[in-house]
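Single-structure report; data block below.
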Amino acid sequence: MRGLTMDYQLTLPAIARRAESIFGERPVVSRRADGALHRTTWSATLRRARRFASALHRLGVRPGHRVATLCWNHERHLEAYFAVPLLGAVLHTLNLRLHPDELGWIARHAEDRVVMVDASLLPLLETFRERAAFRHVIVVTDGGAAPPGTLDYEALLSSGDEAAEFPEPDERDAAAMCYTSGTTGRSKAVVYSHRALVLHSMATAMPGSFSLGPADVVLAVIPMFHANAWGLPFTAALTGAGLVFPGPHPGPAALLELCHTERVTFSAGVPTVWLGVLEVLDACPGVYDLSALRTIVIGGAAAPEALVRGLEQRHRLHVATSWGMTEIAPVGTLGTLTPEGAALPPAERHALRMKQGLPGAFLEMRVRNERGDVPRDGLTPGELEVRGAYVASAYYGPDEPGDWFTADGWFRTGDIATIDPRGYLEIRDRTKDLIKSGGEWISSVALESALMGHPAVAEAAVVAVPHPRWTERPLAAVVLREGKLVTPEELLASIEGRFPRWWLPDDVLFLPEIPRTSTGKFLKSALRDTYRGHYGGA
C-alpha cells in the first residue's frame, strides 16, 4: 500500500519561494572591495535571481548545462546560487585558489558553458580561459565597465524578465557541482541533486546542528567557491536567517568588525580562520562587541583544544566542532551535547565536545578495518564510512575509479576514526597523514593539537618524514606567535607527558608560515615533499 501524500518536489526553487514569501525583509549584507557595505534583502536578492535566470536562458543556457562562477562571497554570487538551479542548470563554483592549470582542467572537465567572474579576478581567468570552453564571460563590476568581448552582469540582469517562469526541476536533477581540492591527485567532481541540497539544509537547520532560524544573522566565512559554503546560503534561505558576506578581504579584523556591526549570531570556518580571530581578540580585548554571537562552528580540520579554550574561556564564545567532506554536501557531524552528555562532569563534558560529534539527520556512519566493523567503544580505530541522503554515490566522469565506494553502498572517507558508545565520532587522522614509525601508528592530529596548546605557538603541523631506521618519524613545523620565543627542546618537553616518548617529533622547524590548501587547511603534502630528506631517509 502506498501513501497518499502529494508528489511535492524537494528543490532549491521551493526554498527560494519560501524565503521570498515569508522572510523577504531579512537582511543580506556584503562588504565591497573598498570596504563599503551593500545592504539588500532576501526578496530583492531572489527577484534579481529570477532576472538572472531569464537572462541566462536568453544566452542559450538550458537544463543540465553548467554555469561556472569565479567569485568571492557577496550578494551577486548568492543570486547565482539560486538563479542557475531555478533555470534547471547546474551551478559550478570554481575554486579561485587552485592553480590555473587545475582550474583550466576542471572547467573543461565540467564542460562549463558560461562563467560569471568578479572583475578583480579577470587576470586569474585569463591564465586558464583558453583551456576552457566558455561561450560567454559575465563580469561582475563595482561600477566600472566590463572589458570588450564580455558581458556586464548588471546590464545582463536588466535584460532579464523577473516574471519569467521555468518548469520545476525534478528533485533528483543536478543542481550544483563542486570539485575536491585535489591534494592527492586530480580534483574529483561531486554533483549534488536538488533533493540532496534540500535535505542537507534541513539537517543543518535542526536543533542539535546549526539550529538556525529567522532571528539569526549568519556570517558566511566559508568560501562560496568551495563545497557550497557548507550549504549556509541554502540553509539561511530555508530558515529565514540573515546573511552577511565578507567580500574579497575576509581577514580576522574585518570578520570581527562585521560580527560587531551586524550583530552576527552564527558563523563557521576552518581552524586557521579562528586562530587568526583569536590572535586579534587577544591583542584587542574589549574592542569588539560579540555578545550576539551564540555559536562558532570549527570544521574542515580538527579544532586544536587551545583554540577552543581560548575562544571560550578568554572571550566567552561558544564553540562547536564539526566534520564534513565535499562528498557529503558537506556537513557531516556537529559536536553538540545530548541531554545525557550535558549532565556529565565538566571534564568529561568538555572531552565529549572536543570530538567531531554526532551525525546529522539522514546520515549514517560506521568504522571498519580489515576484519570488518569495529566496536563502538571510542578506542578501536578504523576507516570511517558514511551513507545517507546527501552522500555522493559516485564521482562525475567516466574516468573516475570506483574504489571510494563499497559494494554495499557506503562512501569510504579516508579518515581514521573511532565512534564511542554514545555515537560520537572522533577523527584520529587522515589515512595519508598517519605516521608509521617502527611498525606503530602515530597520530599527527593529536600532536598538532598539543603543540598548539603552547602559549608561544600560533600554528603547528606534524608530518611523516622518511627515516633510515624507523621507516618514518614525525617532524613538527611550527609558526610562533609574534614576539614569542621557545626552543625545540622546551616545546617538546611541554607535551612530553601526554604521549609515549616515541611519539614525540624528532625535530621542530620554525617557519614563517605553513603552506595551505585552497580551502585554508594545512598542505601537509608540501611539507612532506620539502623535508623528505630531513632525517636522511629519503
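The values are calculated or read from the model by the stated rules, or taken from the named source; none is laboratory data. All values derive from a computational prediction rather than experimental measurement. Because the Cβ atoms are built from the backbone with ideal geometry, glycine has one as well, and the counts that use them run over all protein chains shown.
Checked against (1) in a helix (DSSP H, G or I); (2) of a type outside the set (D, E, K, R); (3) more than 18 Å from GLN356 (Cα to Cα), LEU293 passes all but condition (1). Scan region 216-227 and give yes if some residue there is assigned to a helix (DSSP H, G or I) and in contact (Cβ under 8 Å) with a residue 24 or more places away in the chain, otherwise no. The answer is yes; a qualifying residue exists. Scanning region 199-211 for residues that are surrounded by fewer than 24 Cβ atoms within 10 Å (Cβ to Cβ) and either under 30 Å from GLU111 (Cα atoms) or of a type in the set (A, V, I, L, M, F, W, C) (or both) yields LEU199, MET202, ALA205, MET206. For region 443-451, indicate whether the set of residues that are under 27 Å from HIS92 (Cβ atoms) and not assigned by TED's automatic domain parsing to the domain that holds TYR179 is non-empty. Taking every residue of region 443-451 in turn, none turns out to be under 27 Å from HIS92 (Cβ atoms) and not assigned by TED's automatic domain parsing to the domain that holds TYR179.
Within region 239-290, the set of residues being of a type in the set (Val, Ile, Thr), part of a loop (DSSP other than H, G, I, E, B) and without any contact (Cβ under 8 Å) to a residue 40 or more places away in the chain comprises just one member, VAL287. GLY247 passes every criterion in (1) farther than 20 Å from SER322 by Cβ; (2) touching a helix residue (DSSP H, G or I) at 6+ places or on another chain (Cβ under 8 Å); (3) not acidic (Asp, Glu) apart from (2).
Across region 364-417, the qualifying residues are those that are of a type in the set (A, V, I, L, M) and part of a strand (DSSP E or B), and the one among them that is surrounded by the most Cβ atoms within 10 Å (Cβ to Cβ) is LEU384. Scanning region 152-190 for residues being surrounded by 17 or more Cβ atoms within 10 Å (Cβ to Cβ), under 31 Å from the mean Cα position of the chain (by Cα) and not aromatic (Phe, Trp, Tyr) gives a total of 18.
When PRO421, PRO466 are checked against the criterion of being assigned to a strand (DSSP E or B), touching a residue at least 24 places away in the same chain (Cβ under 8 Å) and either more than 25 Å from the chain's Cα centre (by Cα) or not assigned by TED's automatic domain parsing to the domain that holds SER525 (or both), PRO466 stands alone in meeting it. A residue that is crowded, with 17+ Cβ neighbours inside 10 Å, in contact (Cβ under 8 Å) with a residue 12 or more places away in the chain, part of a strand (DSSP E or B) and hydrophobic (A, V, I, L, M, F, W, C) occurs nowhere in region 486-503. Residues that are under 17 Å from PRO223 (Cα atoms), in contact with a helix residue (DSSP H, G or I) (Cβ under 8 Å, 6 or more places away or on another chain) and without any contact (Cβ under 8 Å) to a residue 60 or more places away in the chain within region 87-117 comprise LEU103, MET116, VAL117, listed in sequence order.
Selection of region 515-538 for residues being within 19 Å of the chain's Cα centre (by Cα) and either among the charged types (D, E, K, R) or in a loop (DSSP other than H, G, I, E, B) (or both) yields PRO515, ARG516, THR517, SER518, THR519, GLY520, LYS521, LEU523, LYS524. Restricting the first member to region 525-538 and to residues that are free of Cβ contacts under 8 Å to residues at least 60 places away in the same chain, and the second to residues that are part of a loop (DSSP other than H, G, I, E, B), the beta-carbon pairs closer than 8 Å and six or more apart or on different chains are ALA526/PRO515. The set of residues from region 427-463 being touching a Leu at 6+ places or on another chain (Cβ under 8 Å), part of a strand (DSSP E or B) and small (Gly, Ala, Ser) comprises ALA458, ALA460, ALA461. Against the test of being on the phi < 0 side of the Ramachandran plot and touching a Gly at 6+ places or on another chain (Cβ under 9 Å), the options ALA342, ALA351, ALA303, ALA329 yield a single qualifying residue, ALA303. Checking the conditions here, which among TRP42, TRP72 is more than 19 Å from ALA189 (Cα to Cα) and touching a Phe, Trp or Tyr at 6+ places or on another chain (Cβ under 6 Å)? Exactly one of TRP42, TRP72 is more than 19 Å from ALA189 (Cα to Cα) and touching a Phe, Trp or Tyr at 6+ places or on another chain (Cβ under 6 Å), namely TRP42. Exactly one residue out of ARG50, ARG62, ARG58 is surrounded by 22 or more Cβ atoms within 10 Å (Cβ to Cβ) and of a type in the set (D, E, K, R): that is ARG50.
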